[in-house]
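This report concerns only the one structure given below.
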Amino acid sequence: MQNNDRSTVANPSAETLALSSPQPPDQPQPLTNPHRRKFLGQMGQMSAALAVGSLAAPQLAAAEAKPQVTGNPGGNARAAEAFAVRLAAATAEATIPIPSHQTNGDAQRYPDGSANYTKCVLQDGIDRVNPNAYALYLKAAASGSPEDWANVPMGGTRTLNGPQGAYAYTLVGTDAQQLGSSPSLANQEPEVVVPAPPPIASAQAGTEMIEHYWGALLRDTAFIDYPTSPLAAAACAELTAQPTYTGPRNQYGQVTPNLLFRGGNPGETIGPYMSQLITTPTTFGALPLPMQFITYLPGINYMMDPVTYQQVQNGISTGLLDQPDPTPRYLHNGRGLGGYTHVDVLYEAFFLAYLTLSSLNVPLNPGNPYVVGSFNQNGFGTFGGPDFAASVADVSVRALNATWFQKWVVHNRNRPEVGGALVYLAKTGQSNSVQARVNQNLLNSQAVKQTYETFDTWFLPQAFPEGSPAHPAYPTGHGTVAGACITVLKFFYDGAYVIPNPTQPSDDGLSLLPYTGADAGQITVNGELNKLAHNISFGHGIHAGIHWRSDTDISIQVGEAFAISYLQDKARTYNEKFTINITKIDGTIATISNQ
């Protein structure tokens, strides 16, 4: 064993992931939300020996007493072994402590709900949810009862996006309520790794909103043109001056055009803005995939006036529709990237990355049991193409439900469009209509001033007619799925492999140009997977105006944590013996092994 990660199958009681947290918000509040998962805390106190003794022995004895079935290799012995594998995985997962889920305190700070997610629930005004509807909404989230959810009054015909997923269980990987916990070592308390998001009035939330306003202003500027864009230079200057900006900076502490709207994990600031794994043409079997997409026409933004904003918050259609660009283009600017994530199948970009890795003949992870030592077999249903492809899809929905638990049951974080509405109320002298406030760094920002001068609005311009999806912001689904899927791909492929002949989209997205930067020889599979995770989540976040930077940053870590638990359980099922190392997004190593 090479570390103390819980990701090492041979040591299921060892310390699990400890994910880095942003600066803790003021007065985080513990979640007091009893529901049916409370039995996991009781199960966590059972020993593995007791579980095996009370559950496994009678079942195994019964299986062995049955007659042998002709034509069934392994017979009853295999059935008993299958049961033991499942029981061992379930027992290991059940003993993980439940972390103390912390909220940012905004629900208690602003009882009128003006700082929390209430979109589509009946609204009485700008950022003013109907009090009775809000009470029923909170009751439903706390109970998880489908009947309680059915009783929540809605403001229009738009429905809430999948809250029942918050209460779903998984048979592979860590349960949603336990995810983010470290098993106790020497009586230590479980570590919280899904921290409370920044409160709406905090300087960090203000800084994230400043970034959003610049994202809207730069939505139609090609990434390749950032170095020469005056708007990009102004955005960099203002973000550099914000002490609470959490994006990457250069060695002098500056945000540069090359770093604008990027993530800061290893490899993400190297090479072009867009990952090679979403721009390189590939094939899906015999079907050519040129990696050019239908997105949206430039210059069209939404929800910039009180009437349409209020209609959207009530879930009422504004009658406005997306305006597709009929010309397929490489993803080359914020609008195109946002437009792609608006309609993608949630794990689509990572399935495409799998196809690209395959077509580039990227070597397998060195720990793959078929890399060396096997001269008459190859991987297929295990450690082969079908396993690779199906695992990307499988891990995504399981990680997604884990995120939905955090969204609906724990954090209930508002969307950036709400922050924009609070700016509107402040700038028009209506702040007293609600309890929530935004930070002065946002109200006094150059980004807000420039937006008003450009678009004649204080609202945050949205890329889609309906604004954000109809579910809370934190964590983000795209980000969690991204973190999970790239971790699975790292499990199967050699992350240190350098991608040859890198390219980048032209400023109109119609062609690919050779990338000749000084760092062209440093573009690795792991770096481009890390970059792809932020590309996709920021496409559905900063570039579209619908998710906060902190949503994405923690979500990728949550997805990675779930995927490692998923791979740990999955490792028990392989007949091949192996030890595989994965470089996590923070640069440390996780080990998955069944030896």
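Only one entry of Ser593, Ser565 meets the criterion of being crowded, with 18+ Cβ neighbours inside 10 Å, under 27 Å from Asp344 (Cα atoms) and among the polar types (S, T, N, Q), and that entry is Ser565. Every test in (1) under 23 Å from Gly477 (Cβ atoms); (2) assigned to a loop (DSSP other than H, G, I, E, B) is passed by Pro326 save one, and that test is (1).
Each residue in the stretch 280-303 was checked for being part of a loop (DSSP other than H, G, I, E, B), over 19 Å from Ile542 (Cβ atoms) and hydroxyl-bearing (Ser, Thr, Tyr), and 1 of them qualify. Considering the stretch 132-159, and only residues there that are of a type in the set (S, T, N, Q) and over 10 Å from Cys120 (Cβ atoms), the residue that is farthest from the chain's Cα centre (by Cα) turns out to be Asn132. Counting only residues that are touching an Asp or Glu at 6+ places or on another chain (Cβ under 9 Å) and among the charged types (D, E, K, R), the stretch 571-585 holds 1 of them.
Filtering the stretch 215-234 to residues that are β-branched (Val, Ile, Thr), closer than 18 Å to Ile270 by Cα and outside any helix (DSSP H, G or I) leaves nothing. If only residues of the stretch 350-395 that are of a type in the set (S, T, N, Q) and part of a loop (DSSP other than H, G, I, E, B) are counted, the one that is farthest from the chain's Cα centre (by Cα) is Asn376.
Cβ-Cβ contacts under 8 Å between residues 6 or more apart (or on different chains), taken from a first residue in the stretch 359-370 that is among the hydroxyl-bearing types (Ser, Thr, Tyr) to a second residue that is outside any loop (DSSP other than H, G, I, E, B) and surrounded by fewer than 14 Cβ atoms within 10 Å (Cβ to Cβ), are listed as Ser359/Thr283. Taking residues in the stretch 200-212 that are over 15 Å from Phe538 (Cα atoms), and partners anywhere that are among the charged types (D, E, K, R) and in a helix (DSSP H, G or I), the pairs with Cβ atoms closer than 6 Å and at least 6 places apart or on different chains are Ile200/Asp106. Against the conditions (1) assigned to a loop (DSSP other than H, G, I, E, B); (2) of a type outside the set (A, V, I, L, M); (3) closer than 18 Å to Ala89 by Cα, Thr591 satisfies every one except (1).
Asn314 fulfils the conditions (1) without any contact (Cβ under 8 Å) to a residue 24 or more places away in the chain; (2) touching a Lys or Arg at 6+ places or on another chain (Cβ under 9 Å); (3) under 17 Å from Glu417 (Cα atoms) except for a single criterion, (1). Residues considered: Leu331, Leu346, Leu321, Leu337. Of these, the only one that is touching a Leu at 6+ places or on another chain (Cβ under 6 Å), assigned to a loop (DSSP other than H, G, I, E, B) and not basic (Lys, Arg) is Leu331. Going residue by residue through the stretch 259-266, is there one that turns out to be buried (at least 16 other Cβ atoms within 10 Å of the Cβ), free of Cβ contacts under 8 Å to residues at least 24 places away in the same chain and among the aliphatic types (A, V, I, L, M)? Among the residues of the stretch 259-266, at least one is buried (at least 16 other Cβ atoms within 10 Å of the Cβ), free of Cβ contacts under 8 Å to residues at least 24 places away in the same chain and among the aliphatic types (A, V, I, L, M), which makes the answer yes. Evaluation of Asn501 against the conditions (1) at positive phi; (2) in contact with a helix residue (DSSP H, G or I) (Cβ under 7 Å, 6 or more places away or on another chain) shows that the sole unmet condition is (2). Of the listed requirements (1) buried (at least 16 other Cβ atoms within 10 Å of the Cβ); (2) in contact (Cβ under 8 Å) with a residue 60 or more places away in the chain, Pro111 misses just one: (1).
The conditions are (1) under 28 Å from Tyr273 (Cβ atoms); (2) modelled with pLDDT of 95 or more; (3) buried (at least 16 other Cβ atoms within 10 Å of the Cβ), and Leu346 fails exactly one of them. Which is it? Unmet condition: (2). Only residues that are small (Gly, Ala, Ser), part of a loop (DSSP other than H, G, I, E, B) and in contact with a strand residue (DSSP E or B) (Cβ under 9 Å, 6 or more places away or on another chain) were counted across the stretch 541-573, and they come to 2.
The values are calculated or read from the model by the stated rules, or taken from the named source; none is laboratory data. Because the structure is predicted, anything quoted here is derived from the model rather than measured. In this analysis, Cβ positions are derived from the backbone assuming ideal geometry, glycine residues included, and neighbour counts consider all displayed protein chains.
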